[in-house]
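Notes for the one structure printed next.
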Amino acid sequence: MAKPIVAIVGRPNVGKSTLFNKLAGKRIAIVDDQPGVTRDRIYAEAEWLNDKFTIIDTGGIEPHNQDIILTQMRRQAELAIEMADVIIFIVDGKQGLTDTDREVAQMLRKSKKPVVLAVNKIDTRELESSAYEFYNLGIGTPFAISSTQALGLGDMLDEVTAYFKGLFTEDEEDDSIKIAIIGRPNVGKSSLINKILGEEKHIVSDIPGTTRDAVDSYVENDLGKFTLIDTAGLRRKSKIKEQVERYSAVRTLAAIERADVCILMLDAEKGVAEQDERIIGYAHELNKSILVLVNKWDLIEKDDKTMAKFKKEISLSLAFLNYAPMVFISALTGQRVHKVLSVAKDCYANYSKRIKTGVINDVISQALMMQEPPMMGVRRLKVHFATQVAIKPPTFVFFVNDPELLHFSYGRYLQNRLRESFDFSGTGIKLIFRERKE
């Protein structure tokens, strides 16, 4: 299910990035006393009690400033507001209410999105009364907070997460396999979906960046029910001319989180680019099921060794995806397009696979006998037993004497044994090591 998106907005230098870093739990945004340091929206995952959500930090809004950087930052913030489910509007309690705050509040009212008003820099109890003047903005109760000291954040987050109720409820009844099709602009994502749908539903154009957002298409056939999520292509930041492309990157990450199967689409003529590695790396970290499609195969001069050579080159670039199947297609001519949903369904079946505890432990016992864990100082890891605790992705818990004794290479060895024994091709699998006293 998709995570709610929370945008942090406000005029420059009110403490947006400090709050962002506090919620993200790590220092991501550049924090500086100079107004306008945060020029790009930056996003991260955050969690409060049982709610997980995506937060977006934005450049400060100066509604009537004509400076080119500030104009772009305002456009960035507008896009963040447009895509957000909830907005945290942050103001400076020490400086007090400003005309710019009033103008930003007016902009937020027009958005008709839920807004939580946070009065920042209330570092002492004596300053709490400073928050009251912000009632004049007319957008609800001001929450007195201190981003630097983490004061008042709990009440503010309770208010933010209360707005999540009722979001995305339609997903709960949707039993289709969700497939996110990702890749660089102009790689043929929309053409592929049109071929699968058998209709010209998506705009297909040679201009990179035609698809501005994540769009869903529903397909039901002999193989089952599928939701195809076409995403805006990712390009290197240096090539981004329009701020809307940055907004698309957040949408692509949100689509990956929602998806069961992620299809990385490559251009046979261009191979694997750094941004391909980065975005599919995100899906890999989430242990999604993954399929690699090499498109425009009709444009390649071939002999009987060409496909094997291409597979080897792509496998070297995407070495961490050695479990992902590879299909060579032409979305234009329809070559092998009929295989896409079939292979994606196989990936999904492995993503949803459950193995009995007894069978798992037979395999792990054999693996331990074939290669025992290495010594760490004077001690050695001891595995008591393992069990599968979840699917989507398949998740295994190993109960051991001390998780600190696990060397990463031995964890990889155990993962490979599970893959070889149970065919987890096309899906990530997750291993968790927990202490169990003897």
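For the range 337-371, a residue qualifies if it is assigned to a loop (DSSP other than H, G, I, E, B), farther than 22 Å from LYS225 by Cβ and in contact with a helix residue (DSSP H, G or I) (Cβ under 9 Å, 6 or more places away or on another chain), and the qualifying residues are ILE355, GLN371. Filter the range 419-436 down to the residues that are touching a residue at least 60 places away in the same chain (Cβ under 8 Å) and among the aliphatic types (A, V, I, L, M) and list them by number. If the condition is that a residue be touching a residue at least 60 places away in the same chain (Cβ under 8 Å) and among the aliphatic types (A, V, I, L, M), then ILE429 is the only one that fits.
Applying a threshold of 6 Å to beta carbon distances and a minimum spacing of six or more residues, or different chains, the list of pairs starting in the range 265-286 at a residue that is closer than 18 Å to SER191 by Cβ and ending at one that is of a type in the set (D, E, K, R) and assigned to a helix (DSSP H, G or I) reads MET265/LYS189. Screening GLY138 against (1) surrounded by 13 or more Cβ atoms within 10 Å (Cβ to Cβ); (2) farther than 17 Å from GLU47 by Cα; (3) of a type in the set (Gly, Ala, Ser); (4) touching a Lys or Arg at 6+ places or on another chain (Cβ under 9 Å) leaves a single unmet condition, (1). Yes or no: the range 312-330 includes at least one residue that is over 30 Å from the mean Cα position of the chain (by Cα) and among the basic types (Lys, Arg). Checking the range 312-330: not a single residue is over 30 Å from the mean Cα position of the chain (by Cα) and among the basic types (Lys, Arg).
When you check ARG11 against the structure, is it of a type outside the set (Phe, Trp, Tyr), touching a helix residue (DSSP H, G or I) at 6+ places or on another chain (Cβ under 8 Å), at pLDDT 85 or above and more than 18 Å from LEU157 (Cβ to Cβ), yes or no? Taking the combined requirement at face value, the residue satisfies it. Quickly run through the range 396-424 and pick out the residues that are within 15 Å of ILE355 (Cα to Cα) and exposed (fewer than 15 other Cβ atoms within 10 Å of the Cβ). Within the range 396-424, GLU420, ASP423 qualify.
Starting from residues that are free of Cβ contacts under 8 Å to residues at least 40 places away in the same chain and part of a loop (DSSP other than H, G, I, E, B), keep the ones in the range 100-123 and report whichever is nearest to VAL160 (Cα to Cα). Ranking the qualifying residues of the range 100-123, first place goes to LYS113.
Against the definition (among the β-branched types (Val, Ile, Thr), in contact (Cβ under 8 Å) with a residue 12 or more places away in the chain and closer than 19 Å to THR395 by Cα), how does ILE355 come out, yes or no?
yes
Looking across the range 21-48, the residues that are modelled with pLDDT of 85 or more and either within 16 Å of PHE143 (Cβ to Cβ) or touching a Phe, Trp or Tyr at 6+ places or on another chain (Cβ under 8 Å) (or both) come down to LYS22, LEU23, ALA46, GLU47, TRP48.
Among the residues in the range 129-140, are any assigned to a strand (DSSP E or B) and either farther than 30 Å from SER352 by Cα or in the same structural domain as SER17 (by TED's automatic domain parsing) (or both)? No, the conditions are met nowhere in the range 129-140. Within the range 86-99, none of the residues are outside any strand (DSSP E or B) and modelled with pLDDT under 90. Taken over the range 273-289, the criterion of being in contact with a Leu (Cβ under 6 Å, 6 or more places away or on another chain) and either hydrophobic (A, V, I, L, M, F, W, C) or modelled with pLDDT of 90 or more (or both) is satisfied by ILE279, ILE280.
The values are calculated or read from the model by the stated rules, or taken from the named source; none is laboratory data. Because the structure is predicted, anything quoted here is derived from the model rather than measured. Glycine also receives a Cβ, built like all others from the backbone with ideal geometry; neighbour counts cover every protein chain displayed.
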